[in-house]
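Undergrad: Would you mind keeping the following structure in view while I ask a few things?
The values are calculated or read from the model by the stated rules, or taken from the named source; none is laboratory data. Being a predicted model, the structure only gives us computed values, none of them experimental. Neighbour counts run over all protein chains shown; Cβ positions are idealised from the backbone, glycine included.
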Amino acid sequence: MKYVSHYECVLCETRYPKTYTGNTCEQCSDQGILDVIYDYEAMKETVTLQYFKNNPKRSLWRYAPLMSVELNDFSQTLMVGWTPLYRSYKLAKSLNINTLYIKDDGLNPTGSLKDRASVVACMKAIEQNNRIIACASTGNAASSLAGNAARLGLKTVIFVPKRVPKGKLAQLYSYGAEVIKIDGDYREAYALSKSAINTFGWMNRNAAINPHLVEGKKTVALEIAEQLDFNPPDWVVCSVGDGCTIAGVYKGFYDLIQLGLIEKIPRLLGVQSEGCNPIYKAFKYARPLELALENTIADSIAVGIPRNPLKALKAIEASGGAMMSVSDNAILKAGKILSSQEGIFSEPASAAALAGLIKALEQNIITSDERVTIINTGNGLKDTDAYTAQMEEIPLMKNDLETFKEYLQRKGRKL
Ligand SMILES: *Cc1c(COP(=O)(O)O)cnc(C)c1O
Ligand SMILES: [Zn+2]
């Protein structure tokens, strides 16, 4: 918190002192999401190129001075962040672009970018002496919170929609969360979590509402910049659900501009699924957000009432970016491409980013000479059914070499 100056409502711009412990603006309630504002002049004295060069921490805590956490002992947390940024050669070639990077956040301890926010939520809970954290989630925020909390000895109460994928549920069960499965969709899970949190006074990890979580998510952008020697790409592509991830990506690059460490903020391409694309529609038609059905295989971005549309839309606009909407079919195809060409297995919501990039290239929104980074936000092991459902049946074979040879011949397969 050392360099936090104050909080500011994204809607009415009312300022709140850094001692304010509410989550949202008193005047605007849930629409009035707060933004953490820093004193960059003071921060500049510590956070320099040399600071990064000399920093041995290989986790998101290397960015602690740029975050809104008070405690400074991070030795007990899971190791979140500092995930690899791969240069892609094969996929770049097949897409006919010169420079493509993949930031693999599926390698975080619970398998998604959400760990960056969850570990911050846990630290805030410890700061505030609150031992119980609650959230509603399509899956990853939940499993990530449960995992990070388990490590730190905190309790979690998790509200999930009826069709949460098995992989995520298995994580929740194993991490020991109190799981409440709602007979309904994410919107309903969110509504019950909100009234339960208000009633019982638990710590709220609902990402949009809690201003500190975007500060955790922004570390993905700080890492992308640092891993590219502070020469960030022209475009960063990621999928959009509530909108906190893309808002965080913007904030990370914004911080670095303020510190004079980079010269431009990459343009942001936000991607939603055709089955649930309220932020895409609000952006494209420049009209107020309308709620949407949650009808897509990409469960992590199936968010019918996004909670952070304002921050997300502002981020995309301010970066000179764009939005894409892609079909479930295109998402599954992109997931297969990412796995088979780069060895990166991604859940559908994450593969949506690549599907969006492919579409943006077709429409000449992104051109082949621009440098692009896509963020792999979630590991494919979380939702294996999405992929096995499309597999053709694999015949059972006897343990017999002749049968195997005949099979290869019949199929015309050369290995
Ligand atoms: C949560 C999530 C997103 C989208 O993040 P928002 O903050 O909801 O916009 C994208 N991909 C995966 C895998 C996620 O879990
Ligand atoms: Zn306000």
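Undergrad: Go through segment 87-108 and give me each residue that's of a type outside the set (A, V, I, L, M, F, W, C) and surrounded by fewer than 18 Cβ atoms within 10 Å (Cβ to Cβ).
TA: Residues satisfying the conditions are R87, Y89, K90, K93, S94, N96, N98, T99.
Undergrad: Right, another one. If I ask for residues that are in a strand (DSSP E or B), closer than 22 Å to L71 by Cα, within 16 Å of ligand 2 (Cβ to nearest atom) and not β-branched (V, I, T), which ones from segment 14-44 would you list?
TA: Y16, P17, L34, D35
Undergrad: Got a number for residues in segment 345-396 being among the polar types (S, T, N, Q), in a helix (DSSP H, G or I) and in contact with a strand residue (DSSP E or B) (Cβ under 8 Å, 6 or more places away or on another chain)?
TA: Number of matching residues: 1.
Undergrad: Quick one: in segment 14-46, which of the residues that are under 20 Å from M203 (Cα atoms) and among the hydroxyl-bearing types (S, T, Y) is nearest to ligand 1 (Cβ to nearest atom)?
TA: Looking at residues that are under 20 Å from M203 (Cα atoms) and among the hydroxyl-bearing types (S, T, Y), I get T24.
Undergrad: In segment 24-37, how many are surrounded by 16 or more Cβ atoms within 10 Å (Cβ to Cβ) and either in contact with a helix residue (DSSP H, G or I) (Cβ under 7 Å, 6 or more places away or on another chain) or acidic (D, E) (or both)?
TA: Residues meeting the conditions: 4.
Residues are listed down the side, and each one gets a yes or a no for (1) over 17 Å from the mean Cα position of the chain (by Cα); (2) at pLDDT below 95:
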{"site": "K251", "(1), (2)": "no, no"}
{"site": "L269", "(1), (2)": "no, no"}
{"site": "S273", "(1), (2)": "no, no"}
{"site": "E294", "(1), (2)": "yes, yes"}
{"site": "L310", "(1), (2)": "no, yes"}
{"site": "L313", "(1), (2)": "no, no"}
{"site": "S319", "(1), (2)": "yes, no"}
{"site": "I337", "(1), (2)": "yes, no"}
{"site": "I344", "(1), (2)": "no, no"}
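Undergrad: Limited to segment 340-379, what total is found for residues that are among the polar types (S, T, N, Q) and out of contact with any Gly (no Cβ under 7 Å at 6 or more places or on another chain)?
TA: 8
Undergrad: Now for a different question. Those residues that are on the phi > 0 side of the Ramachandran plot and under 15 Å from the mean Cα position of the chain (by Cα), I need them from segment 129-165; list them, please.
TA: G139
Undergrad: Within segment 302-323, work out how many residues are within 10 Å of I279 (Cα to Cα) and not in a loop (DSSP other than H, G, I, E, B).
TA: The total comes to 5.
Undergrad: Just give me the residues in segment 46-83 being of a type in the set (S, T, Y) and over 20 Å from N108 (Cα atoms), in sequence order.
TA: Within segment 46-83, T46, T48, Y51, S68 qualify.
Undergrad: Can you pull out every residue in segment 1-13 that is near ligand 2 (Cβ under 10 Å from one of its atoms), touching an Asp or Glu at 6+ places or on another chain (Cβ under 7 Å) and in a loop (DSSP other than H, G, I, E, B)?
TA: Hit for segment 1-13 is V10, nothing else.
Undergrad: Is there a residue being touching a Ser or Thr at 6+ places or on another chain (Cβ under 6 Å) and within 24 Å of E223 (Cβ to Cβ) anywhere in segment 312-332?
TA: No: segment 312-332 contains no residue that is touching a Ser or Thr at 6+ places or on another chain (Cβ under 6 Å) and within 24 Å of E223 (Cβ to Cβ).
Undergrad: Also, I was wondering about something else. So how many residues does segment 220-258 have that are among the aliphatic types (A, V, I, L, M), in a loop (DSSP other than H, G, I, E, B) and buried (at least 20 other Cβ atoms within 10 Å of the Cβ)?
TA: Qualifying residue count, segment 220-258: 1.
Undergrad: For segment 199-245, what are the residues that are away from ligand 1 (no atom under 16 Å from the Cβ), within 25 Å of N364 (Cβ to Cβ) and within 18 Å of the chain's Cα centre (by Cα)?
TA: Within segment 199-245, W235 is the sole residue that qualifies.
Undergrad: Let me ask you something else. Just need a number here: residues in segment 335-344 that are part of a helix (DSSP H, G or I) and within 16 Å of ligand 1 (Cβ to nearest atom).
TA: Here the count works out to 3.
Undergrad: Out of everything in segment 47-81 that is in contact (Cβ under 8 Å) with a residue 24 or more places away in the chain, not aromatic (F, W, Y) and not in a loop (DSSP other than H, G, I, E, B), what residue ends up being surrounded by the fewest Cβ atoms within 10 Å (Cβ to Cβ)?
TA: Selected residue: L49.
Undergrad: Still on this structure, I have one more. For segment 328-369, which positions are surrounded by fewer than 24 Cβ atoms within 10 Å (Cβ to Cβ) and of a type in the set (D, E)?
TA: Within segment 328-369, D328, E342, E362, D369 meet the criteria.
Undergrad: Within segment 189-206, can one find any residue that is more than 19 Å from E127 (Cα to Cα), in contact with a Gly (Cβ under 8 Å, 6 or more places away or on another chain), of a type in the set (A, V, I, L, M) and crowded, with 16+ Cβ neighbours inside 10 Å? Break it down into steps so the answer makes sense when it comes.
TA: Let us first name the residues in segment 189-206 that are more than 19 Å from E127 (Cα to Cα), namely 189-196, 198-199.
Add one more test, that the residue is in contact with a Gly (Cβ under 8 Å, 6 or more places away or on another chain), and what stays is none.
The answer is no; no qualifying residue exists.
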